[in-house]
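What follows is a set of notes on a single structure, which appears directly below.
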Amino acid sequence: MKWETCDSEWWESGRVLAGVDEAGRGALAGPVVAAAVILDPCCIPVGIADSKKLTALRRNELATAIRQSALAIGVGRVEAADIDAINILQATFRAMHLALNNLEPAVPDYVIVDGNRFKPWKVEHRCIVRGDAISVSIGAASIIAKTVRDDIMSSTIHTRYPLYGFHEHKGYGTEAHRLAIIQHGHCLEHRKTFLTRVVRERHS
C-alpha cells in the first residue's frame, strides 16, 4: 500500500513522525492555516487522501476519525494582515511552525512537509512535493488544515462579512468572489497584496 511505503521509512526506524500541510495559501482572503499530525501507525483511518480530492462531507468525516485516532494534532494560523506584512511564503512557514509548536501530547522527532520549501524547525525534516497525495501523515494534516480553515471562513468570517459569500468560496478567487470585491470593495479579511489583479479588472 502506497501510504505504508511512504511513511513506513520513518515508522520502521522507530521515529515519531509528524506530517505538515497548509490550507488557504492561494486564497484572496482569510488566514493561511497549517496542521501538524502525528498518526498512530497501528490505527490509521481508511480513506485519507489529498483533501482537495475529497468532498466536504468526506473531509469532515475523516477529520473526525483523525482527531479520534491520532497521537497528536497541532494547528496554526496566520491572519490576512500578517500575510500582507511578511508575504505568503513566510506566513505559511510561520503557520506551520505554530502547528508544530501546538502539537500535544506527543512530540515528533522527524517532520515531513508538503511542498518543496520549509523553514527549519527544531528537528530534522524532509520536503515532499505532492506529499498530500503520497504520504498518509501529510494527507491527514491536509484534511485537518482544510476543515479548520473552511470552518473559520464559513462561520466567523462569513458572519462578520456576509456580503462576500465566504461560506461558499472560502476566500478563493472565484468569479462570484471577484464580483463581490468589485461591488463592495475589500474588507479587513482580504489580502491587499493579492488583490492587484482584481483591482485591475475593476478598472478595465
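The values are calculated or read from the model by the stated rules, or taken from the named source; none is laboratory data. Since the structure is predicted, the reported quantities are computational estimates derived from the model, not experimental observations. Here Cβ is always computed from backbone atoms with ideal geometry, including for glycine, and neighbour counts include all displayed protein chains.
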| Conditions (1) under 17 Å from the mean Cα position of the chain (by Cα); (2) buried (at least 17 other Cβ atoms within 10 Å of the Cβ); (3) more than 17 Å from residue 27 (Cβ to Cβ); number of the one not met by residue 101 | (2)
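Where residues in the range 123-145 are assigned to a helix (DSSP H, G or I) and of a type outside the set (Gly, Ala, Ser), which of them is nearest to residue 45 (Cα to Cα)? Can you show your working first?
Our first condition is that a residue be assigned to a helix (DSSP H, G or I); within the range 123-145, this holds for 131-134, 136-145.
Adding the requirement that they be of a type outside the set (Gly, Ala, Ser) leaves 132, 134, 136, 138, 143-144.
Working: 132: 15, 134: 15, 136: 9, 138: 13, 143: 12, 144: 13 Å.
Per the criteria, the residue is 136.
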| field | Subset tally (residues that are of a type in the set (A, V, I, L, M, F, W, C) and assigned to a loop (DSSP other than H, G, I, E, B)) for the range 91-122 | value | 5
| Does residue 128 fit the bill of being farther than 20 Å from residue 67 by Cα, touching a Ser or Thr at 6+ places or on another chain (Cβ under 9 Å) and at pLDDT 95 or above? | yes
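For the range 131-173, how many residues are free of Cβ contacts under 8 Å to residues at least 40 places away in the same chain and under 19 Å from the mean Cα position of the chain (by Cα)? Working first, answer last.
Step one: filter the range 131-173 for residues free of Cβ contacts under 8 Å to residues at least 40 places away in the same chain, giving 151, 154-156, 158-163, 165, 167-169.
Those left that are additionally under 19 Å from the mean Cα position of the chain (by Cα): 151, 154-156, 158, 167-169.
Looking only at that region, the number is 8.
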| query | Do you know which of the residues in the range 168-182 that are in contact with a helix residue (DSSP H, G or I) (Cβ under 8 Å, 6 or more places away or on another chain) and assigned to a helix (DSSP H, G or I) is modelled with the lowest pLDDT? | reply | 182
| said: So, residue 148, is that one hydrophobic (A, V, I, L, M, F, W, C), crowded, with 19+ Cβ neighbours inside 10 Å and either outside any helix (DSSP H, G or I) or modelled with pLDDT under 95 (or both) or not? | reply: no
| Filtered residue count, the range 111-127, keeping only those that are more than 15 Å from the chain's Cα centre (by Cα) and buried (at least 17 other Cβ atoms within 10 Å of the Cβ) | 3
| In the range 117-129, which residue that is of a type in the set (D, E, K, R) and free of Cβ contacts under 8 Å to residues at least 24 places away in the same chain is nearest to residue 97 (Cα to Cα)? | 122
